[in-house]
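To start, the structure under review is shown below, and the notes come after it.
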């Protein structure tokens, strides 16, 4: 289901994205990279969330923004009841960065900036598979 939502968000983002959106996504991807470089899993988890909310904003769809916000409320509730879900994602992003890999946030921001729809879809598929 998340992939279907993200595909829709990407379609809208590619139709509606403007220079300000591109600049915001670039900055938000940078925030994820900085947090991963600092090995701060709480900052990575927060930056990850803010980045995905930024993608929804780039789609210029209030419905998508609300949907992404609702998704994270569910994730937060699940994490509060069990092991921190965002901790696992943050740990994986920190390890990717430590190995010198391009983080998916950077790859997605760059794909959106360059108008590479297929590249963006590949990034999202990989993100959702891991």
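Of all residues in the range 8-54, which are over 15 Å from residue 96 (Cα atoms) and not in a helix (DSSP H, G or I)?
Within the range 8-54, 17, 18 meet the criteria.
When you check residue 60 against the structure, is it at pLDDT 90 or above, within 17 Å of the chain's Cα centre (by Cα) and either exposed (fewer than 15 other Cβ atoms within 10 Å of the Cβ) or under 18 Å from residue 123 (Cβ atoms) (or both), yes or no? So that I can check it myself, show each step before the final result.
Details: at pLDDT 90 or above: yes; within 17 Å of the chain's Cα centre (by Cα): yes; either exposed (fewer than 15 other Cβ atoms within 10 Å of the Cβ) or under 18 Å from residue 123 (Cβ atoms) (or both): no.
Taking the combined requirement at face value, the residue does not satisfy it.
Quickly run through the range 12-49 and pick out the residues that are surrounded by fewer than 16 Cβ atoms within 10 Å (Cβ to Cβ) and either more than 16 Å from the chain's Cα centre (by Cα) or under 17 Å from residue 73 (Cα atoms) (or both).
Hits for the range 12-49 are 15, 16, 18, 19, 20, 37, 38, 39, 40, 42.
Which numbered condition trips up residue 38, out of (1) within 23 Å of residue 95 (Cβ to Cβ); (2) in contact with a helix residue (DSSP H, G or I) (Cβ under 8 Å, 6 or more places away or on another chain)?
(2)
Inside the range 82-114, can you point out the residues that are out of contact with any helix residue (DSSP H, G or I) (no Cβ under 7 Å at 6 or more places or on another chain) and either part of a helix (DSSP H, G or I) or modelled with pLDDT of 95 or more (or both)?
Here is the first cut: in the range 82-114, the ones out of contact with any helix residue (DSSP H, G or I) (no Cβ under 7 Å at 6 or more places or on another chain) are 82-84, 88, 92, 95-96, 98-102, 110, 114.
Across the range 82-114, the qualifying residues are 88, 92, 95, 96, 98, 99, 100, 101, 102, 110, 114.
The values are calculated or read from the model by the stated rules, or taken from the named source; none is laboratory data. In this text the structure is predicted, and so the values were computed from the model without any measurement. As a convention, Cβ positions derive from the backbone with ideal geometry for all residues, glycine included, and neighbour counts pool all protein chains shown.
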